[in-house]
Amino acid sequence: MKIAFIYIAEPYQCYHTATVASALAAMPGNQVTEYYSFPDTPLHLQRIRRSLDLPDLPLKPFPKSWKAKALKRARRLDQERTLVLKENVDELNTYDAVIATEYSAGILKQMGLNKPKLILLMHGAAGRYVKDQNLIDQFDLTLLSGPKEETFFKSHGLLQNHASKIIGYPKFDVFAAMRHEKPIHFANGHPFALYNPHCQRSLTSASRWMMPLIKGFRAQLDKPEGYNLVVAPHIKMFHKGFGFKARALKRQEGPGILVDTGSPAMLDMTYTSQAALYIGDVSSQIYEFLAIPRPCVFLNPNKIAWKNDPHFVYWTLGDVVENLHDLMPTIANAAKRHALYRPAQEKFFQDAFCAPLLGASQRGAEAIMHYLAPT
C-alpha cells in the first residue's frame, strides 16, 4: 500500500499522527510518505522518532505556487492551506490512502481526490463546535479517541455515511516517551499554573484578561502558597501580526513568569503534564491535562451563557470566573476546591478515551490496514 500522511497546519499535528505513520510503515508491504507545509515540521517529526527509537520516514514538502507562497507571507494561512491542497491533488491521487488530522482536508474530495481512501485521524477531542466539522462526512474512515467523541459526532448527524473506529489517543504514546525530557523548574521552587487560552476571538479570554492575569500572578509570587505562571496560548494565536504579538507577549516574562509563543513544549504535553493548576477557556488541551486530575479554573470574560450548552462541558470541571475581581481569589482557592470536581474530572477523562491509554498508535495502524485490506 502507498500511504500519504499530510501535515497541512502547524507542527502540533505531528504529535497526533507521527507514531501512527511509523506503525504503518513497519507493516510489510507499506510505503509511507509524509508531506508537510510548515518548514519546522521535520524537526518535530525527527524529535518524536528519536524519543521512540523509530526510523525516519520519507518526507516531502508540499510544492507551492507563487500565489500560495504569497498567501503564506501575508499570513493568510487558511487560504494558503486550501490552495496548497488544490495544487497537490494530482500527486495525492497516486496513493492508496491519504491520512490527515484536520477536518479541512475533507475538501480534497471536492477538489478531485478520487483514487485514495481519505482517512481522518482526530486530534483534540470532541465537545466544542468547530466551524468545519461537517467536512468529517467527506472522509472514508474516521479514527476516534473514545466513545464520547463518537457520541458527539453521531448526535450532530455525522459519521452516518462512512466507517469509523475508536482507537484512543496516539499523542499519549508520544508523551510516554518524552515526559522526562524537559522538567520545568522555577527559582522559588513553587509549582506553576498553566494559562492556555484559545485563539478564537469570540471565545478566548486572552484579549481581555491575559494582562490582568499576569499582573495578578506577579503580585502573589512571594506568598508561601503562590504559583508561578506559564503562559502558553494556542499556537494559532500568533498567525497574524507578523510576530509583533508574540514579541509583545514575550516582554511580559520575568521572575516566576514564563511566556511560550512557539516552542515544542507547547505541543508535546510538557506543560499540561507538569502544571499544578490549569487556567483556560475552550482549548481541548484540557483533555491532556486531566490525564492526571488536578485543579482547573475557566475564564469567561465574554459572559457566554454556557451552563446548558453541551459545547462547554469542560466548564463543569472547575470554577468558572465571570468577573475580573474574582479572578485571583478563585485561583488561590482552586486547590482547596478540587475535591468537589475530581470525580467529574475522572469520569470526563474515562469517557473521552478508550482503555488502555497507551497503544493507540498501533491500534490506529491496524484499523487503517483492516479498512484498506481487499475483501
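The values are calculated or read from the model by the stated rules, or taken from the named source; none is laboratory data. Worth saying up front: this structure is predicted, and the values here are computed from it rather than measured. Using ideal geometry, Cβ is built from the backbone for each residue, glycine included, and neighbour counts are taken over all protein chains shown. For the accessible areas, the whole protein counts, side chains as well, though only heavy atoms, and no ligand, DNA or RNA atoms are used. Shrake-Rupley method; radii C 1.70, N 1.55, O 1.52, S 1.80 Å.
So the values come out like this:
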{"item": "Test for Ala4: is it of a type in the set (Gly, Ala, Ser), farther than 19 Å from Asp268 by Cα, open to solvent by less than 50 Å² (accessible area, probe 1.4 Å) and without any contact (Cβ under 8 Å) to a residue 40 or more places away in the chain", "result": "no"}
{"item": "Cβ pairs under 6 Å, 6+ apart, first in the range 250-267 and without any contact (Cβ under 8 Å) to a residue 24 or more places away in the chain, second outside any loop (DSSP other than H, G, I, E, B)", "result": "Lys250/Val259; Glu253/Val259"}
{"item": "Residue in the range 102-109 that is part of a loop (DSSP other than H, G, I, E, B) and closer than 28 Å to Gln285 by Cβ present", "result": "yes"}
{"item": "Residue in the range 29-36 that is under 22 Å from the mean Cα position of the chain (by Cα) and either farther than 23 Å from Lys109 by Cβ or of a type in the set (S, T, N, Q) (or both) present", "result": "no"}
{"item": "Strands (runs of 3 or more DSSP E) contained entirely in the range 133-206, each with at least 1 residues that are within 21 Å of Phe348 (Cα to Cα), modelled with pLDDT of 90 or more and open to solvent by 10 Å² or more (accessible area, probe 1.4 Å)", "result": "163-166"}
{"item": "The range 65-103, residues that are basic (Lys, Arg) and modelled with pLDDT under 90", "result": "Lys72, Arg73, Arg75, Arg76"}
{"item": "Residue within the range 339-348 that is open to solvent by less than 20 Å² (accessible area, probe 1.4 Å), under 25 Å from His123 (Cβ atoms) and in contact with a Ser or Thr (Cβ under 7 Å, 6 or more places away or on another chain) present", "result": "no"}
{"item": "Members of the range 221-244 found to be crowded, with 16+ Cβ neighbours inside 10 Å and modelled with pLDDT under 85, listed by number", "result": "His234, Ile235, Met237, Phe238"}
